[in-house]
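Worksheet: the structure to be examined is printed underneath.
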Amino acid sequence: MEIVIFPDAAAASRFAADVVEDLLRRRPTAVLGLATGSTPEPLYAELIRRHREDGLRFAGARTFNLDEYVGLPVDHPESYHAYMRRRLFDHVDLDPANVHIPDGLAADPAAECEAYEDAIQDAGGLDLQVLGIGSDGHIGFNEPSSSLGSRTRIKTLTPETVADNARFFDSPDEVPRHVLTMGVGTILEAREVILLAFGAGKAPAVRRAVEGPLTASCPASALQLHPRARVILDEGAAGELERAGYYRWVFENKPEWQRP
Ligand code: F6R
């Protein structure tokens, strides 16, 4: 994995936006895997800015979100459908027909998950998957003990994730307990992955993902198997890495042709 450490979340998000922009300019029909939560908010804000000011276009792109809560209507403000419209889709020229988010109200969740996998395949697979990381080491909502070969399916959130996400709801009781999420195996098939993490609260999970053993107890550690995975951090999230100095040295000495 390539570990890239920035002074703050804003600089890290600009770098992540460079990765997305570089892909879209090379391949305007790119298939983007997207995440929700607090972490990608500055990335999406930067992409909107580049769309408005620099002519970055999304018209040919296709998107697949990682996950959605089970049981929340799409117009619930905390549904990931609503989040994506608010944070990105309503502000760029993406074609709504090219947007995919699992349907958390599907009458048959298993069939919905299978159809979601098929749709990713039909689109030619994910070119770039954007990820955050849970404080318990999840990616998507692949909670600890998730199979590292898992596909899109229904999962039960850990109490830790329910507590983490309670900040978006009026009370922890309102946080849905179940989600539909891409699997670890689905994520690993993306041609390129960027994982973003900001703040000291993420530092233990980042250390386990990057320097810990490959284990289902920290699903993000599965990214160690990915040939093109980048972990983009601010100082806080990098705070517990043993080899932070080495990662910085590698990045500083990276040949120009390998950027962004
Ligand atoms: C969101 C997702 C989750 C979040 C993770 C971090 O679509 O799949 O894995 O990326 O829970 O959430 P934040 O960014 O809110 O700390």
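Since every read-out is calculated from the coordinates, none of them should be taken as a lab result. Keep in mind that this is a model prediction, so the values were computed, not measured. For neighbour counting, all protein chains shown are included, and Cβ atoms are generated from backbone atoms with ideal geometry for every residue, glycine included.
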Legend entry - For region 15-159, projected area of the alpha-carbon convex hull averaged over all directions, nm²: 8.8
Legend entry - Computed over region 199-260, the ratio Rg/Rh where both radii use C-alpha atoms and Rh is Kirkwood: 0.99
Inset, instruction - Just need the Rg to Rh number for the chain, please, alpha carbons only, Kirkwood Rh. - result: 0.94
Inset, instruction - Would you work out if region 101-188 is rounded, prolate or oblate? Take a ≥ b ≥ c from the square roots of the eigenvalues of the alpha-carbon gyration tensor; rounded if a/c is under 1.5, else prolate when a/b is larger than b/c, oblate otherwise. - result: prolate
Inset, instruction - Indicate the gyration tensor shape class of region 68-150 (rounded, prolate or oblate), computed on the Cα atoms with a ≥ b ≥ c the square roots of the eigenvalues: a/c under 1.5 is rounded; otherwise a/b larger than b/c is prolate and the rest oblate. - result: rounded
Legend entry - Likely footprinting exposure, MET84, MET1, MET182, fewest C-beta neighbours within 10 Å first: MET1, MET84, MET182
Inset, instruction - Note down the Stokes-Einstein diffusion coefficient of region 7-53 in µm²/s, whole number, using a Kirkwood radius over alpha carbon pairs, 37 °C, and 0.692 mPa s. - result: 294
Inset, instruction - Principal axes first, then extents: for the Cα atoms of region 1-81, list largest minus smallest coordinate on each axis, whole Å, largest first. - result: 36, 32, 28
Legend entry - the chain - mean residue ellipticity at 222 nm from DSSP helices (-39,500 (n - 2.57) per run, n ≥ 4, rounded to 500): -9500 deg cm²/dmol
Inset, instruction - Let me know the shape class of region 111-260, please: from the alpha-carbon gyration tensor, a ≥ b ≥ c as square roots of the eigenvalues, rounded when a/c is under 1.5, otherwise prolate if a/b is greater than b/c, or oblate. - result: oblate
Inset, instruction - Would you mind telling me which residue in SER221, SER150, SER13 has the biggest mean-square fluctuation in a Gaussian network model of the chain, where springs connect alpha carbons within a distance under 10 angstrom? - result: SER150
Legend entry - Restricting region 125-195 to trypsin sites (Lys or Arg not before Pro) in coil, as DSSP defines it, with at most 15 other Cβ within 10 Å: ARG177
Legend entry - Residue order, fewest to most beta carbons within 10 Å, for PHE64, PHE251: PHE251, PHE64
Legend entry - Charged-residue dipole, Cβ positions (Lys, Arg, Asp, Glu), the chain about Cα centre, Debye nearest 20: 740
Inset, instruction - Quote to one decimal, in nm, the extra length available between GLN224 and ARG26 on full extension: 0.36 nm per residue of separation minus the C-alpha distance between them. - result: 68.7 nm
